[in-house]
Structure formats: C-alpha cells, structure tokens
Amino acid sequence: MRIRVLRLSACVVLVTAACLASRTAAQQINPYPSGPPFHDPVPETFKLRDLKAELKNKMTGTYTVASIGDMFWRSPVAERMSPALRDILRNADTTFGNFEGGEGWQPTDTARTFQSLGFDLLAPGEGVQAHELLAEFGIRMAGSGPNLTMARRPVFQEIPQGRVALIAACPGVNLCGTPAADAAGAAPARPGVNPLGVTVWNTVTAEQFNHLKAILDSVVARRHEADVIVPSDLPPALPPGRLMLWGQRYMVADKPGELHYDVDASDEQAQMLAVRNAKEVADFVAFHMHVHHNRYSFQQYSHDNYPPDYLRPFLHKLIDNGLDMYFGSGNHSMQGIEIYKGRPIFYNQGNFGVDLVRQPDSPPNAANMTRTETREAAAAYLQDEPTSVAYMANTTYKDGRLVEIRIYPVDVGIGRRAWSRENIPETPSPELARSILERIQKYSEPFGTKVSIENNIGIIRVPPEATVDVGGDLVIPGRQPRR
C-alpha cells in the first residue's frame, strides 16, 4: 500500500509540473487567461476607414425613386387615381411617402392600397399607428416606435441595386400628433415619434425689445412688495437681445413678426449619427420630416411656401453626414427644391390627399347635419387652392450619381370637386399643371435650382460634377487614433 501511495504521489507531482509548465507557456502568449482588462493601443500602421467611401451613394446601375408628401385618405383611392401618376409610383425601384392621418375607415383596404401603389417605405405622419398592419403587406414605416431607440432606427428595403434606408423625425413639440418616444429603459417606455427639439423665438426690433424689457423689469421689481407671500422665480438668464415675457420668447432682429428656431443640440447630433450610422449599413439613405413650422407669426398656421430658418442648415448637416435624399411634408402648401452637393432636398411636396372633412356615419343631432357637414367649417383652413395641389418627384440615379428629377403636378381637387371625389390624385388640366410647375420654379429660385417645363412636366437635369464626396471634412474627435 505504501508503494502505491508513493507512486500516486509521484504521478501527481509529474501532472502538476506539466500543468504548471503548460500554464506558464499560455501565460507567455496571453497573460490574462480570462481576457485582458484593456485594449492594446491602436498600432501606428492601422488605417481608419475612409468616410468618403463609406458615406457615398453606393447604389449600382440605374436606380429610381418616387416620392410624395402627405397621404391622408379615409378610403382607398388606387383604382380612381390618374393611371399616369399610379404607374410612376408602381414602377419606381423605391417609393416613399408620408402616412398622414391614420388608417381611415377600412384599415386593411388602406394598407392594401399602399401595397398596390408600390409603396416600400413610409414615414408615420401624425401618429405611431399601423406598423404591424403595413408589415403584413410588405411595407415598413420609420420614425415612430415603442421607445426612442426604435423610433430613431431606420427601416430598410433590399433591392438588386443595394440596400435602402429611411429615417423619419418630427420637429417641435407634439406637432406630429403624438409625443416623443421615451428612451429605452424607461419604466414603462412611452411609444412615440423620433423628435427634433426646436425652441421658437418671436422677432422684434431693438426699440420694441427695449419696451418689452422695461415691462419685464417693472413686473419683476414688484416681487418683494409687502403683500407678496412667496415671490416668483426670476426670469431665466438669457443672452443679450433675448428675453422671456409671460411665456413667450423674444429676440432682436431687423424685422418684427418673424419666427426664429433654435435646434436642440442633442437631438441634432442624434439625427446626424442616425444618418451616418444608417449609411454605414445601407447604400442609400433618405430622411423625412413632417414640418408644421412657418417663418412668420402673421401667416396662417401651417401654410408657407418656403422652409423655416433652421431647416436648410440642418439638412445640409445631414447630407454632410451621408444623407442622399430628403422629402418633406407638414405645411399644407408646396415648397421648393434644392440640390446640395448632388443630393435632392424636396422641402415640401404638398398634399397627395388631406381628407379632413368626410365621415362615414352621422348620429341624429339637433342641427340635423351630417358629420361631414359639421366638419366642413371646422376644416375650412384646408379647403383652399394651395392645399389642393402637390407634386410627385421621380428621381433617377446612375451608379450613385443623381442625373435627373422629373416633377409631376398633382391635383387632389379640394373645394373643386364633390366630397366623394376629393382627395383622389389626378393629373391636372394643362393650365393648372403649368401654374403648379411655375410655382415650383419660383419657390426653388432661392436655392439656385433651375426647373424647366416640358410637356407639363418639370425637369431638373443634374450634371455629374454636381455630386461631390462628403465625409472627408467631418470633425469626429472619437475617430482619432489612440496614443
């Protein structure tokens, strides 16, 4: 027995020595068997990715995009649309639009109509509805979701020319009919839209500002009068030339009555990162916003033929970060077209349908009116000619370069047709078509865009040199090599 024990002990010693030797060899290769607690410095020879290559339009061959603005249909319209307009939507490689107003009276038929018209990717308009319903018909909707992470995430389309991504956002507070989504991890997370926060300032002249400041100072001076139990807080400290009075913000400018918008820096960065990230996993990225902002306080709400002051610089930043196309909606009147670095910006394509009056049922009431008749006056602000016309854009790319945009005028007939025939997109009369296109010419002039009119179609031809690389001049501190 003793001999066996000695032999066993010897074996243990030999196995232990072998294990130690093996461990020592392993430690020489990897001194942290469970994984290193830090990353090795990036070697001097490591080359960061070229963002100019990553952020370019990487679609191959000929690629066509059809885009429109607001679609607010209470009942399906596909069978009664002008065939020429319907065919453009159906024949494009990608078809974008804004799903304004909800599913209507016949939700399944509405979703089927979107499918029959060839829509691939949609923005949510005013709400978070219909994701699952549209998905049943192969249509994906961006810009809203169960939390902020999902609302900011793009949706994708796979086609032979490449992968297409769409991101959608809503600027302002509750201007898309639903609040911003809560950040993931909130308990419970509130569904909503992808927000772009903006702060609105009313402009006044320097003389008017001094009067307002005198009013504010005189009010604040009374905070410590004898009968004041608890004085109010002091107004917030603001930069020179800005003040708040009774809940309104004012700033000095050359002219009174204009509206200036400050974009929330965090939200702006989030949208830029969303676009750049989308371009790094897709070949073409489009962006949509439902913008209800005017330039002037003295202009009827949600009617403006030119974008608010923040929109153009914001969209330029998105294009500098890889955006390929912007198509807008919200204001119920057409706006112009800009080509920036070879990327189209359709500021507002107008109403492809805005069915706010008609209702499918009418309970008995003292006024003896149908619900449609009751709504007629309530929705009067959307029953004028500027809200009744729109345009469809058919954009063509070849090997990632924009070459041509064709602009098709659209008439939805609000106030000029019977209720049962309104909000059906039709090709306008030659006279109205030319009027629509001449307006687009005018609205596009401030952006240097030349629109020719040929056979009642607007055409923008883009030379190859107009498309320039982006991404090479981005300042991204986090991409610098570690030292």
Those residues of region 236-247 which are in a strand (DSSP E or B) and touching a strand residue (DSSP E or B) at 6+ places or on another chain (Cβ under 6 Å) amount to Arg242, Leu243
Residues (at pLDDT 90 or above, of a type in the set (D, E, K, R), closer than 17 Å to Ile424 by Cα and not in a helix (DSSP H, G or I)) located in region 81-135: none
So for region 75-94 (the condition being closer than 17 Å to Ala142 by Cβ and surrounded by 22 or more Cβ atoms within 10 Å (Cβ to Cβ)), does at least one residue qualify? yes
Taking only region 431-483 into account, find how many residues are within 25 Å of the chain's Cα centre (by Cα), of a type in the set (Lys, Arg) and at pLDDT below 95. 0
Of Glu268, Glu280, the only residue that is surrounded by fewer than 19 Cβ atoms within 10 Å (Cβ to Cβ), acidic (Asp, Glu) and touching an Asp or Glu at 6+ places or on another chain (Cβ under 6 Å) is Glu280
Which numbered condition trips up Gly353, out of (1) in a loop (DSSP other than H, G, I, E, B); (2) closer than 18 Å to Trp73 by Cβ? (1)
Could you count how many residues in region 79-120 are among the aliphatic types (A, V, I, L, M) and in contact with a Phe, Trp or Tyr (Cβ under 6 Å, 6 or more places away or on another chain)? 1
List every residue pair whose Cβ atoms lie under 7 Å apart, where the two residues are 6 or more positions apart in sequence or sit on different chains, the first residue falls within region 373-393 and is among the acidic types (Asp, Glu) and in a strand (DSSP E or B), and the second residue, located anywhere, is surrounded by 14 or more Cβ atoms within 10 Å (Cβ to Cβ) and at pLDDT below 90. none
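The values are calculated or read from the model by the stated rules, or taken from the named source; none is laboratory data. Everything numeric in this text was worked out from a predicted model, so none of it was measured. A quick note on method: Cβ atoms are made from the backbone with ideal geometry, for glycine too, and the neighbour counts reach across all protein chains shown.
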